[in-house]
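Take a look at the structure below.
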Amino acid sequence: MESRTPVDFKVRFSADVAGILEYDDATGRIEFTLDAGSKGDRSICLQHHPAGWPRKTRYELAFLRAKQFLESCGYEVEIYGE
């Protein structure tokens with residue numbers, strides 16, 4: 001499943017690596033890690049990059065869009081550490 005909008009970004013599950021969600025825009029790709037959530041089959045845990053890793057300006061927007069994509073797929077999204 002893939003999401004496209006007029007602002008030209010894509011969010012999709014990686015076709016190559018399990019547990020990875022890919023966010024692509026004109027600047028490049030950001031990959032987020034996924035894990036099983038604690039609330040059953042439709043629960044998924046979206047993980048931030050470690051705080052020590054460099055986060056480009058668009059990181060927060062990419063994370064929000066990744067979360068919205070998962071919700072649009074019917075998942076209850078948990079954020080690791082929250």
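The values are calculated or read from the model by the stated rules, or taken from the named source; none is laboratory data. A quick note: this is a predicted structure, and the numbers were derived from the prediction, not measured. Don't worry about glycine lacking a Cβ; one is built from the backbone with ideal geometry, like all the others, and counts go over all protein chains shown.
So, in the range 18-27, of the ones that are part of a loop (DSSP other than H, G, I, E, B) and not β-branched (Val, Ile, Thr), which residue ends up farthest from the chain's Cα centre (by Cα)?
Here the answer is Ala26.
Does Arg42 satisfy the criteria of being of a type outside the set (Ser, Thr, Tyr) and touching a His at 6+ places or on another chain (Cβ under 7 Å)?
Here the answer is no, as Arg42 does not meet what is asked.
If I filter the range 28-81 down to residues being assigned to a loop (DSSP other than H, G, I, E, B) and within 18 Å of Ala18 (Cβ to Cβ), which single residue comes out as modelled with the lowest pLDDT?
Tyr80
Determine, yes or no, whether Leu70 is closer than 23 Å to Asp8 by Cβ and touching a Phe, Trp or Tyr at 6+ places or on another chain (Cβ under 7 Å).
no
Using beta carbons and a limit of 6 Å, which pairs, at least six apart or on different chains, have the first residue in the range 39-62 and more than 11 Å from Tyr80 (Cα to Cα) and the second one part of a strand (DSSP E or B)?
Close Cβ pairs satisfying both conditions: Lys39/Glu76; Arg42/Glu76; Ser43/Glu76; Ala62/Tyr23; Ala62/Ile30.
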